[in-house]
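Before any comments, here is the structure.
Derivation of every value follows stated rules applied to the coordinates shown; laboratory data play no part. Because the structure is a prediction, the values reported are computed rather than measured. Cβ coordinates were reconstructed from backbone atoms using ideal geometry, including for glycine residues, and neighbour counts include every protein chain displayed.
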Amino acid sequence: RERDGLARSSRNAYLSPDERATAPVLHRVLLETGERIHDGMSIEEATARGTSELTMAGFAGVDYLAVADAETLEPLERLDRPGRILVAAWLGITRLIDNERLMPSSRGRAADNGRPRSGTRRRAGSSR
């Protein structure tokens, strides 16, 4: 990943300076969509909201923002097994793609995906 969260890709070279400044929104929306699902929002509602946010940020089109089974990539209606959140969207002439894992919890809500929540820090020497 680049320092601003954008996935490293040869496609990034096709982005204009303004598009490059907008591109990190893709990963931010991906993470926020996962957090909404973690917080109990339905996958359908969370992905619709994320798609809207990408469009409002200047993405010309969103091919998909979806949650799929981590092994089969079949669409998930609820996070009851390990999943991936997947996104592909157009910024100018460049199609950007990204994904993150989503893990269910025993409480019925999605568990932490291995990253600290926004506003939290890992302690030095801590594995979580």
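Label Trp90 and Leu73 with points 7 Å out from Cα along Cα→Cβ: what is the distance between them in nm?
So the label points at Trp90 and Leu73 sit 2.1 nm apart.
Under 11 Å from the Cβ of Leu91, count the other residues' Cβ atoms, weight Lys and Arg +1, Asp and Glu -1, and hand me the total.
+1
Using the Cβ atoms and a cut-off under 12 Å, what net charge is assigned to the surroundings of Arg81, where Lys and Arg are +1 and Asp and Glu are -1?
Computed value for this residue: -2.
Quick check: residue separation of Ala13 and Asp80 times 0.36 nm, minus the Cα distance between them. What number comes out in nm?
Working: separation 67, 0.36 × 67 = 24.12 nm, distance 3.81 nm.
In short, 20.3 nm is gained.
Between Asp4 and Glu32, what is 0.36 nm times their sequence separation minus the Cα-Cα distance? Round to one decimal in nm.
In short, 8.6 nm is gained.
Lys and Arg at +1, Asp and Glu at -1: add these up for the other residues within a Cβ distance under 9 Å of Gly58 and post the number.
Result for the local shell: -2.
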